[in-house]
1. What is the gain in length, in nm to one decimal, between Asp284 and Gln163 on full extension, counting 0.36 nm per residue of separation less the C-alpha to C-alpha distance?
2. Less than 14 Å from a label point 7 Å out along the Cα-to-Cβ axis of Arg243: which backbone N atoms in segment 177-208 qualify, by residue?
3. Applying the Karplus parametrisation 6.51 cos²θ - 1.76 cosθ + 1.60 with θ = phi - 60° to the phi angles of segment 192-209, what ³J(HN,Hα) value in whole Hz is obtained for each residue in order, glycine and proline being reported as x?
4. Would you tally the net charge around Phe360, using a Cβ to Cβ cut-off of less than 11 Å, leaving Phe360 out, and scoring K and R as +1, D and E as -1?
5. Calculate the FRET efficiency for His307 and Lys377 from the Cβ-Cβ distance with a Förster distance of 25 Å, rounded to the nearest 0.05.
6. Along the charge dipole of segment 248-362, which of Met310, Leu294, Ile326 sits closest to the positive end, that is, farthest toward it, with unit charges on the beta carbon of Lys, Arg, Asp and Glu (+1, +1, -1, -1)?
7. Short version: ³J(HN,Hα) in whole Hz for each residue of segment 256-265, in order, from phi by Karplus 6.51 cos²θ - 1.76 cosθ + 1.60 (θ = phi - 60°), x for Gly and Pro, what are they?
8. Starting from segment 261-358, pick out the GluC sites (Glu not before Pro) whose DSSP state is loop and whose Cβ has at most 16 other Cβ atoms within 10 Å.
Amino acid sequence: MSRARADEEEYWHSSKFRAFTFDDEDDELSQLKESKRAVNSLRDIVDDDDDDLERVSWSGEPVGSISWSIKETASGSTSSLEGRDSSLQKGSSSYAALPKQVSSYSLSSLFKGRNKLPSFQSLSDALTDTGVKNYAPELRRPKAEYKDYSSDWSPKDTVRRMQRGKVCSLERFRSLQDKLVLLDEAVAGHDGNVITAVLIFLKRTLRREILFRELEVRQVALCHLIHFLRETGEQKLLLDLLRFLDRTEEVALSQYREHLNIQDVEKRREFLKGCIGLPFSAEDTSHIQDHYTLLERQIIIEANDRHLEMAGQSEIFRKYPRKASILNMPLVTTLFYSCFYHYTEAEGTFSSPTNLKKTFKIPDKQYVLTALAARAKLRAWDDVDALLTTKNWLGYTKKKAPIGFHRVVEMLQRNNAPVQVLQEYVRLVEDVETRLNLATKYKCHDVVIETYRDLKDRIQLTAYKCKVERGSAEEEKINSILNNMVKSAY
């Protein structure tokens, strides 16, 4: 025991330990020996609890124990250290200069800050030499990052850190004044995510009355909160907020949107009936009334058509079975359904297209477009003709298309209408260039020939003669027109 004590005294009071000077940088061999001695003296202090964990060097390769790490560092020299006994006296071997950056590990990560014993040198003291730090530098967090966990951030700094994606605790803002300053700073930062995060914090920590009162004078934050409540479905809090702001129409519309969550059709109908008395604007009240009436009609039509389809009493349902229910469909879809299955019904029935047109004040353009699409899909060309034929007060009839005859032609062609039907409506296109393009595209030869004849364009007629079949009626028609043009020239 006394010998160990003497060896320790000799170690600590040896003249080999000198004060640091810049001239010592070249004595790298001595520094390496001192580092090894300091590390070996601490081996008994460090626990082996982490031996089962994988240690990875900066180069990505696993490293072993501390003593192995020191041996790996010393392996870069041409000779090894020679230890004689516990007095740690040096041998006479020569060593090559070690490079400045050969370390592939961090001693600080291996030591993990164990408690110091009074009889041994501490780790921080063992690594105070500049040379030793080059071989085993201590990796520690930058001092600025320790402020991430500080509770002294001002509202402005907190908002800036939130904008950069840093984790910040808002719990330190406890007074109402601090919370409002934080909200104002968030709004001034023009970052919607930060504003929403602060509003969630205020919603959780403030009474509703106080929160609503303060947001009333902060319109930007108020709009963010209303949008957030709508997106998250917090209907009760949203209605309370709108009532506090005396926005009666928005309260009514928010309540009306609840019908989307009602799946049972009878319950939805009753809910819509109750919504009619809510304080909507005049225009919105009309829409709510139409919605209720439409759903009521759809329930009646659905029940009747399901019965006819199951009984097999209607030819149209046998030939074209229904693909879906009419319930909860839009008005235009309901009109198309009615024009497809109930086009010939009298106006007095709920499923009649004319009844729907009159009840819901459907414009002529929308009605013609929808009815034309339904009857063309059924290839009911007579119904198409009747739909586009009007009679004046003198009894004369003429074709009229509110949607334009060029759209009529395109719709008929999509439903594979015969050329004879297409030609009839291509002729009614007023614009000459559009008429020629449609006639050429859909091979309405008679229309093309007649248009060039009216334009007295012999060149185009001659060119178009090459596009028709030789010996066909169209070729004979073109030859006749060209001959007449020659005779009229003389």
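1. Working: separation 121, 0.36 × 121 = 43.56 nm, distance 4.08 nm.
Once the chain is fully extended between Asp284 and Gln163, it gains 39.5 nm.
2. Once the point is set 7 Å along Cα→Cβ of Arg243, 208 turn out to lie under 14 Å by backbone N, inside segment 177-208.
3. 3J(HN,Hα) across segment 192-209, in whole Hz: x, 5, 5, 4, 5, 4, 5, 5, 4, 5, 5, 4, 7, 10, 10, 5, 4, 4.
4. On the way: positive: Arg297, Lys357, Lys358, Lys361; negative: Asp290.
Result for the local shell: +3.
5. Numbers: r = 24 Å, r/R0 = 0.97.
Rounded to the nearest 0.05, the efficiency is 0.55.
6. It is Met310.
7. 5, 5, 5, 5, 5, 8, 9, 8, 5, 5
8. Working: sites: Glu266, Glu270, Glu283, Glu296, Glu302, Glu309, Glu315, Glu345, Glu347; in loops: Glu345, Glu347.
Listed in order of number, the matching sites are Glu345, Glu347.
The values are calculated or read from the model by the stated rules, or taken from the named source; none is laboratory data. Keep in mind that what you see is a predicted model, and the values were worked out from it rather than measured. Positions of Cβ are backbone-derived with ideal geometry, glycine not excepted, and every protein chain shown enters the neighbour counts. To get the accessible areas, we keep the full protein, side chains included, count just its heavy atoms, and leave off ligands, DNA and RNA. Shrake-Rupley method; radii C 1.70, N 1.55, O 1.52, S 1.80 Å.
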